[in-house]
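Notes follow once the structure below has been shown.
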Amino acid sequence: MFILMAFSLTASLIFLGAYIWSVKSGQFDDKYTPSVRMLFEDKKTSKKTEPGLISGEKNEENK
Amino acid sequence: MAINFGKYEAGQIPADQQKAMICFHCGEPCPDDNISIGDKSFCCHGCKTVFEILNANEMCDYYTIEDTPGITPKQDLISDRFEYLDDETVKPQVVDFSDGKTERVTFHSPTMHCASCIWLLEKLHEMDSRIYSSVVNFPRKQVTITYNREEMKLSETAALLSSLGYEPLVNLDTVGKREQSSAEKKLYLKIGLAGFAFGNVMILSFPEYLSRVGSVDPTFKTVFGYLSLLLSIPILLFASKDYYQSAWAGIKSRTVNIDVPITLGIGMLFFRSLWEILTQTGVGYLDSFTGLVFFLLVGRLFQQKTYEVLSFERDYKSFFPLSVTRMINNIEAVVTVLKQKPGDRIVVRNQELIPADSVLLKTEAFIDYSFVSGESTPVTKNAGDFIYAGGRQAGTTIELEVIKEPSQSYLTQLWNNDVFNKPRFSRLNVMVNQVSHYFTFGVLAIAIIASLYWLQFDTATGIKVFTAVLIVACPCALALSSPFALGTAMRIFGRKGFYVKNTDTVEALSKINTIVMDKTGTLTESGQETIEFSGDRLAHEDQEIIKSLVQHSTHPLSQKIFQALDVDAIHPVAKFEEISGKGIQGHVSGREIKLGSTKWLGLQEDATDAEDMKTRVFLSINEEVIGSFLIANVFRKGLRPLLSDLKKQFSMFLLSGDTEREKATLVNLFGSEENLQFRQTPENKLDFVSRVQGEGAHVLMVGDGLNDAGALRASEVGIAITDDVSAFSPASDGILTGKNLHLLGTFIKMSKATTSVIVASFVISIIYNVVGVSFAVAGKLSPLVSAILMPASSISVVAFTTFTTSLRARMMKLT
C-alpha cells in the first residue's frame, strides 16, 4: 500500500517538475507563433520565376 | 456651386480590371500598369524590389500562405541610416547578447501582421548566410536575429529587415529597456503549484469525506494528514505570498483592502489545520485552503489580460527617433540623438521629426505640429526662424542648427511637471476595498461575539468557533467577482478596439462625470481633410491648368490641391513664382494663374470666413477671382450622435491647441460656447484638468498627441485615440482605435453595467457567507461542509459574473 503511494506521489512530482521546467524554459512566453510555425512547409515548393519570363514575351505585351 | 474632388479610391475601378490593378506584393491598388514583372503588377518600385529579392532567393512561398501579404517598404530613405547602431555607445544597448563570434538582437517591427510575415522573417537565414537563425514572437511583434558578428554588422540586419518592408522601430525608449515577463511566469508557476497541491490534497482527503460510510485506517489518516501538510507548505510560503504583502501594505496605509480578510482566512485555515493534524484531533481544512488559493490565482490570471504589443507607459522618448543626420564639414553622418549638442548642424528630410529646439538655416520649412500642439495646418518657417522640437517637416530637406539639447527642449519640459514624478494611483476608491472594510470588521465582530458565547461552556469550542467563522467568511467569492466581471468587460472592450491597461480602468470609467476632449487627431481624423471648391464649376481644362501649377510647389496646401484634382497635369508652366506666406503664381497655356490668400488677391476679408476660419485658398485666372478651395478637417464618423448622447449625462469640455477656425461647427456639436477653449498649451490642458478635479469632477480625458500627455496623466481615466495601435500614443489608461470612437458612450455604459453586476455578485457571495457563518457559529463547521461551500460559492460567483457581464454586453451590441 505504501509502495503504491510512493509510486503515485513520485509520478505526480515528476509531472510537477515537468511543468515547472516548461514555464522556466519560456514555453509560455509566446502562445501564438508556434501554432502558425508548425504549419509551414520545410521544403521549398516555389521555384524561381525564370529570368526569361521576366524580360520575356509577357512583359513586352504589357508595354 | 460646390463640387467635390474625391480622392482616388479602389472602388472606382471596374471589377474586371481590379485584379490586374492590385499590387501583387502589398495589395494596394496600382496607379498604372507600368511597374510589372510577367503578369504581376506592383504599385511601386519598393514592392517590386521586395518581390525580386524573394524571387532571387526562391522564397515566393511567401505569397502562397496569404494573399498579398507584403508591406510597401519605406521610400526615399538613405541606405546608411542604421549606421548609428554600430556606434560603440549605442550597440551594447540594443543587442541582447554578444560573444566574439555570434551576436543576438531583438527588433520590434510593428508592420508584421500575418502568417506570411512569420514565415519570411523566420527564413532570413536562407537569404543571408551570415544570419544563423531568426525567431518571431508574433504577439509582441518582435524578431530575434542571431548572426555572425565577424562578418555582419548590426546595421546590416536592420537594413535587411527594412528592405523587406519590416522597418525595425528603434527609438530613444527601446534603448536600455529590457522587457519584464518574469511576473507572468511567476503567476503561471504559482497556479501550477496551487493546482497540483489542490488536486492531491483533495484526493488525500477523499477518504475523510466518506468516513461515515466506512472507517478509515488511523495509520493512513495520519500519513494522509502529514502528506497534505507537506503539499500545502509551498502554497503558504510561495503561492499566496502576494496576498500577505498587499494586505500588509494596506494596513500600513490605514486601509482595509480585500486582501486583509483573505489573509486572515488563509492564515486561519492553515494554522487550524496544522494544529488539528499535529494533535491528531482532525484532518484539517487543507483541501479548502489549497483550493481557495488556486481559485484566487486563476482570478488574478484572468484579470491580467495584457496587450503585449501595446505600451501604456510611453513618453516623448518613444516618440523621438534614435538617430539624426548631422553635417560635419559638409559631410553627412548619422549619429544618435542623445549626442546632439547646441551648435550642431543637422539635416531633416521629408516626414522626419525635428529632434531638438533649433534654428532653421537653409530654405523654407513647413512644420506640421499637429501631434505636438494640436494645430492642424502646417506652419511655414523661413531661414532664421526658431523651430521647436517635435514638429514634422513636410516637403524638402532642411538644415538646422541645434539650440538646446533634446532633453531640454520646450516639448520635453512638460515631463518635468509634478504629475509625472508622482506614482499614479486612482483617487477613486475601488469598490471591493470599500466593501471589504465593513466586511472585515463585521466578520471580526461576529467571530468575537460567537466565541465569547461558547467560552461560557467550553474553551476549546470557543476557539474552534472563532477560527471557523474566520475560515468560512474568507471572502473568496467576494474577491473573485471583481476580477471576473471587470476582466470580462476588458476582453469585450478589446474586441471592439478599446484596449485598457488594467481592470481598475474599467471601474474608474464607470465613475466619471466630466469628459474633456482634444480636437485635432481626436475628434478629427489625422491626415484626412476634405477639399471643396466653391465657385463656378471648374472646367476640365482649368483643373489641368491648376494642377500643372501646384505641382511645382512643395507647400502642403499645394500638395493637397494637387492630390485632390483628378486630372493629368500636362501643361508647362512659365514664370512660376512662390511668394512665401502669400501664394503661388505662374503662366499656364497663356493664362495667368494665382493661388493664394485673400489679401494677396486684393479681396476684402470675408467676415463669416474670419469667424469659422476655414483654410481657404483663392484662385484667380487672368486677374479675375474665380472661387476658392476650402480645406476642412474631417470629423470622425458617428461624432454627432456620440456627443449629443454624452452631453446629456456628462459635463463636456473641449481643449484644443488649434485656432478657433472651426469654432462654429464645434459650438454646434458641444452645445455651448463656454465649454470650448482654444489655443491651449500642454500645460494649460493639464492645469484645466487639475482645476475641475479640484471642483469635484471625475475626469475622463480623451486625447491623442504629446500635448495631451499631461492631461491624460492627471485625469482619472485617460484614453489615447490612435488610428494605428502600433504607432506612438502618449501614456494613458486605455488606447482606443479612432474608428471606434463613436462607441465611447457604449463603453462607459458597459462599465456601469459591469459595476452593477459586481454589486449583485457581492450580494450573492455575502449570502453564502451568512450560510457558512451560521454553521460556524453553531460550532458545526466540518471539513466536508467547508470543502463543499468554498468551491461552490467561488464557482457560482465566477459563472454568474462572467455570464451576466457578457449578457449585458450582448444587449448593448458590444460582442
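Every listed requirement among (1) open to solvent by 30 Å² or more (accessible area, probe 1.4 Å); (2) within 25 Å of the chain's Cα centre (by Cα); (3) within 30 Å of B:ASP733 (Cβ to Cβ) is met by B:GLY391 save one, (1).
Apart from one condition, B:GLN559 fits all of (1) touching a helix residue (DSSP H, G or I) at 6+ places or on another chain (Cβ under 6 Å); (2) of a type outside the set (Ser, Thr, Tyr); (3) in contact (Cβ under 8 Å) with a residue 60 or more places away in the chain; the exception is (1).
Of all the numbered requirements in (1) more than 32 Å from the chain's Cα centre (by Cα); (2) on the phi < 0 side of the Ramachandran plot, B:THR363 misses one, and that requirement is (2). Across the stretch B:244-259, the number of residues qualifying as closer than 21 Å to B:TYR285 by Cα and buried (at least 23 other Cβ atoms within 10 Å of the Cβ) comes to 1. Applying the set (1) without any contact (Cβ under 8 Å) to a residue 40 or more places away in the chain; (2) open to solvent by less than 30 Å² (accessible area, probe 1.4 Å) to B:GLY284 leaves exactly one unmet item: (1).
Collect the residues in the stretch B:262-281 that are among the polar types (S, T, N, Q) and surrounded by 24 or more Cβ atoms within 10 Å (Cβ to Cβ), keeping them in residue-number order. Hit for the stretch B:262-281 is B:SER273, nothing else. Within the stretch B:454-472, the set of residues being more than 17 Å from B:ILE262 (Cβ to Cβ) and either without any contact (Cβ under 8 Å) to a residue 40 or more places away in the chain or β-branched (Val, Ile, Thr) (or both) comprises B:LEU455, B:GLN456, B:PHE457, B:ASP458, B:THR459, B:ALA460, B:THR461, B:GLY462, B:ILE463, B:VAL465, B:PHE466. Of all residues in the stretch B:20-59, those satisfying the criterion of being within 9 Å of chain A (Cβ to nearest Cβ) and among the small types (Gly, Ala, Ser) are B:SER36, B:GLY38, B:SER41, B:ALA56. Among the residues of the stretch B:138-155, those identified as open to solvent by less than 20 Å² (accessible area, probe 1.4 Å), of a type in the set (A, V, I, L, M, F, W, C) and either within 14 Å of chain A (Cβ to nearest Cβ) or within 32 Å of the chain's Cα centre (by Cα) (or both) are B:VAL143, B:ILE145, B:LEU154.
What are the residues in the stretch A:8-18 that are open to solvent by 60 Å² or more (accessible area, probe 1.4 Å) and modelled with pLDDT of 90 or more, if any? Result: A:THR10, A:LEU13, A:ILE14, A:PHE15. Of all residues in the stretch B:114-129 being free of Cβ contacts under 8 Å to residues at least 24 places away in the same chain and within 24 Å of B:THR68 (Cβ to Cβ), which is surrounded by the most Cβ atoms within 10 Å (Cβ to Cβ)? Restricting to residues being free of Cβ contacts under 8 Å to residues at least 24 places away in the same chain and within 24 Å of B:THR68 (Cβ to Cβ), the top hit is B:ILE118. For B:LEU619, the requirement of being surrounded by 17 or more Cβ atoms within 10 Å (Cβ to Cβ), farther than 30 Å from B:LEU654 by Cβ and modelled with pLDDT under 80 is not met.
Each row is one residue, and each column tells you yes or no for (1) within 20 Å of B:VAL465 (Cβ to Cβ); (2) touching a Gly at 6+ places or on another chain (Cβ under 9 Å); (3) not basic (Lys, Arg).
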site: B:GLY772; (1), (2), (3): yes, no, yes
site: B:VAL777; (1), (2), (3): yes, no, yes
site: B:PRO783; (1), (2), (3): yes, yes, yes
site: B:ILE788; (1), (2), (3): yes, no, yes
site: B:SER794; (1), (2), (3): no, yes, yes
site: B:ALA799; (1), (2), (3): no, no, yes
site: B:THR802; (1), (2), (3): no, yes, yes
site: B:ARG808; (1), (2), (3): no, no, no
site: B:MET811; (1), (2), (3): no, no, yes
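Figure legend. Inter-residue proximity from the stretch B:629-644: first residues farther than 12 Å from B:LYS519 by Cα, second residues open to solvent by less than 50 Å² (accessible area, probe 1.4 Å) and acidic (Asp, Glu), beta-carbon distance below 8 Å, spacing 6+ or different chains. Indicated pairs: B:ALA632/B:GLU662. Among the residues of the stretch B:182-204, the ones that are farther than 11 Å from B:ALA239 by Cα, without any contact (Cβ under 8 Å) to a residue 12 or more places away in the chain and more than 8 Å from chain A (Cβ to nearest Cβ) come to 4 in all.
Within the stretch B:383-394, residues that are closer than 7 Å to B:ILE354 by Cα have Cβ atoms under 6 Å from residues that are assigned to a strand (DSSP E or B) and of a type in the set (A, V, I, L, M, F, W, C) in these pairs: B:GLY391/B:ILE367; B:ARG392/B:LEU353, counting only partners at least 6 apart in sequence or on another chain. The residues of the stretch B:60-69 that are open to solvent by less than 10 Å² (accessible area, probe 1.4 Å) and more than 9 Å from chain A (Cβ to nearest Cβ) amount to a single one, B:PRO69. Only residues that are hydrophobic (A, V, I, L, M, F, W, C) and over 30 Å from B:ARG140 (Cβ atoms) were counted in the stretch B:726-772, giving 13. Considering (1) of a type outside the set (Lys, Arg); (2) buried (at least 22 other Cβ atoms within 10 Å of the Cβ); (3) under 17 Å from the mean Cα position of the chain (by Cα); (4) part of a helix (DSSP H, G or I), the lone condition that B:GLU662 does not fulfil carries the number (3).
Give the residues of the stretch B:665-687 that are of a type in the set (D, E, K, R) and open to solvent by 20 Å² or more (accessible area, probe 1.4 Å), sorted by residue number.
If we filter the stretch B:665-687 for residues that are of a type in the set (D, E, K, R), which is where we start, we get B:673-674, B:679, B:683, B:685, B:687.
Those that are of a type in the set (D, E, K, R) and open to solvent by 20 Å² or more (accessible area, probe 1.4 Å): B:GLU673, B:GLU674, B:ARG679, B:GLU683, B:ASP687.
Annotation: B:SER761 fulfils all but one of (1) open to solvent by 20 Å² or more (accessible area, probe 1.4 Å); (2) part of a helix (DSSP H, G or I); the unmet one is (1).
If you go through the stretch B:344-387 and pick out every residue that is open to solvent by 30 Å² or more (accessible area, probe 1.4 Å) and among the β-branched types (Val, Ile, Thr), you end up with 5.
So how many residues does the stretch B:797-812 have that are assigned to a helix (DSSP H, G or I) and surrounded by fewer than 21 Cβ atoms within 10 Å (Cβ to Cβ)?
9
The values are calculated or read from the model by the stated rules, or taken from the named source; none is laboratory data. Computed from a predicted model, the values in this text were never measured in an experiment. Neighbour counts run over all protein chains shown; Cβ positions are idealised from the backbone, glycine included. Each accessible area value is taken on the protein alone, full model and side chains, heavy atoms only, with ligands, DNA and RNA left out. Shrake-Rupley method; radii C 1.70, N 1.55, O 1.52, S 1.80 Å.
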